[in-house]
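The values are calculated or read from the model by the stated rules, or taken from the named source; none is laboratory data. Predicted model only: the values in this text are computed from it and were never measured. All Cβ positions, glycine included, derive from the backbone under ideal geometry; neighbour counts span all protein chains shown. To get the accessible areas, we keep the full protein, side chains included, count just its heavy atoms, and leave off ligands, DNA and RNA. Shrake-Rupley method; radii C 1.70, N 1.55, O 1.52, S 1.80 Å.
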Amino acid sequence: MIRVSLTQIILAYLILILTVLFGIWIGMDYLRKRRARTARKHKIHCSICGVIYEDTSDNPLPQCPNCQSVNERMKIQDI
Ligand SMILES: [Zn+2]
């Protein structure tokens, strides 16, 4: 019979739990960042009137719904 002390069992269990939690945390963080990046991609801040609007089209110069001026898309920034 292989003798394993209670301390070793607890330690192995703790390491396992921490590894799983860390994996979940990394996964959640990755998904959150990806979602934020996608959301930011469609957000346009009007340089004329300051309105923030969404544009999901592929138009490189989307028009502001408030003042009808065209704006460049915001650069995608990673924080
Ligand atoms: Zn505007």
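Some notes on this structure:
- Test: residue in the range 15-36 that is more than 16 Å from the ligand (Cβ to nearest atom) and at pLDDT below 90: yes
- Restricting the range 22-49 to residues that are of a type in the set (A, V, I, L, M) and within 16 Å of the chain's Cα centre (by Cα) leaves a set whose member that is farthest from Cys67 (Cα to Cα) is Ile24.
- Pairs, first in a strand (DSSP E or B) in the range 43-71, second charged (D, E, K, R) and surrounded by 15 or more Cβ atoms within 10 Å (Cβ to Cβ), C-beta under 9 Å, six or more apart: Lys43/Asp55; Lys43/Arg73; Ile44/Asp55; Ile44/Arg73; Gln63/Asp55
- The range 49-62: number of residues that are hydroxyl-bearing (Ser, Thr, Tyr) and open to solvent by less than 50 Å² (accessible area, probe 1.4 Å): 1
- Inside the range 50-66, residues that are within 24 Å of the chain's Cα centre (by Cα) and more than 11 Å from the ligand (Cβ to nearest atom) make up a count of 7.
- Tally, over the range 5-48, of residues that are touching a Ser or Thr at 6+ places or on another chain (Cβ under 6 Å) and either open to solvent by 90 Å² or more (accessible area, probe 1.4 Å) or among the hydroxyl-bearing types (Ser, Thr, Tyr) (or both): 1
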